[in-house]
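Undergrad: To start, I am sharing the structure in question, which I have written as structure tokens.
The values are calculated or read from the model by the stated rules, or taken from the named source; none is laboratory data. Just so it is clear, the structure is predicted and the values come from calculations on it, not from any experiment. All Cβ positions, glycine included, derive from the backbone under ideal geometry; neighbour counts span all protein chains shown. SASA here: full protein model, heavy atoms, side chains in, ligands and nucleic acids out. Shrake-Rupley method; radii C 1.70, N 1.55, O 1.52, S 1.80 Å.
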Amino acid sequence: MSYTKFSAGISILLGVAAIILPYLTGTLAVMILGGVMLASGIVALLYVNAARKEGIPVSVFAPWVQVIAGVVILIWPGLALWIVAVILGGGLIISGITGLTALRDAGIVNPPVLRKIGLWSSIILGVLLIVLGSAGSAILLGVILGVALISSGLQQWRLAG
């Protein structure tokens, strides 16, 4: 078995695991994001410090915001997931309401049923995501990551021949 097929198989297995354990996967993904933000902020602070020693006027505000956000996400991943749930859920609700309003204002006598179902589904899923909070966004993130890993692994396997 080639390394490419082995790598593809690992990707598929990780994708299946992410779908089976979506809350754990979503929380872990957010914590990895927090670690990357923290590391990136530290590197940016080092760069800003070096630039200031050269006389270049550079602000330290953005690097410190990255460091603080990274620490907060690492300590409270549930908070980050809750914020994601509120933002995504709110966006889904607004999108559904805007679409339904546009359908009504267009004056279409019999709008497509599937379009109406899709818009109402958007509203319902948005409310559900907000109600579930951090658990909902962690599950959503875990499932999306799982599907992406499986898709990537299958494509890699197919291309390996």
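Undergrad: Heavy-atom accessible area of Thr101 with all protein chains present, probe 1.4 Å, nearest 10 Å²?
TA: About 50 Å², rounded to the nearest 10.
Undergrad: Measure out, as a whole number of angstrom, how far apart the alpha-carbon centroids of region 117-161 and region 45-112 sit.
TA: Comparing the Cα centres of region 117-161 and region 45-112, I get a distance of 19 Å.
Undergrad: If you don't mind, another one. At a 1.4 Å probe radius, which order do Trp76, Trp157 fall into by accessible area, largest first?
TA: Listed by decreasing accessible area, they come as Trp76, Trp157.
Undergrad: A follow-up question, please. Just to be sure I understand: with springs between alpha-carbon atoms less than 10 Å apart, which residue in Val30, Val60, Val86 has the highest mean-square fluctuation in the Gaussian network model of the chain?
TA: Between Val30, Val60, Val86, it is Val60 that shows the largest mean-square fluctuation.
Undergrad: Moving to a separate point now. Calculated from the structure, mean projected area of the Cα convex hull in nm² equals which of [x] 9.4; [y] 15.3; [z] 10.9?
TA: [y]
Undergrad: Choose one answer from Ile19, Ile42, Ile150: the residue with the largest mean-square fluctuation in a GNM of the chain with alpha-carbon springs under 10 Å.
TA: Result: Ile42 has the largest fluctuation of those listed.
Undergrad: Given the options Pro63, Pro77, Pro111, which has the most mean-square fluctuation in a GNM of the chain, springs set between C-alpha atoms less than 10 angstrom apart?
TA: Pro111
Undergrad: Can you give the FRET efficiency to the nearest 0.05 for Val131 and Arg158, using r as the Cβ-Cβ distance and R₀ = 45 Å?
TA: Numbers: r = 40 Å, r/R0 = 0.88.
My answer for the efficiency is 0.70.
Undergrad: Here's something else I'd like to know. Please give the contour-minus-distance gain from Lys53 to Val86: 0.36 nm per residue of separation, less the Cα-Cα distance, rounded to one decimal in nm.
TA: 7.7 nm
Undergrad: Explain nothing, just the number: relative contact order of the chain, from Cα pairs under 8 Å at least 6 residues apart, as a whole percent.
TA: Values: 198 pairs, mean separation 68.5, N = 161.
Relative contact order here is 43 percent.
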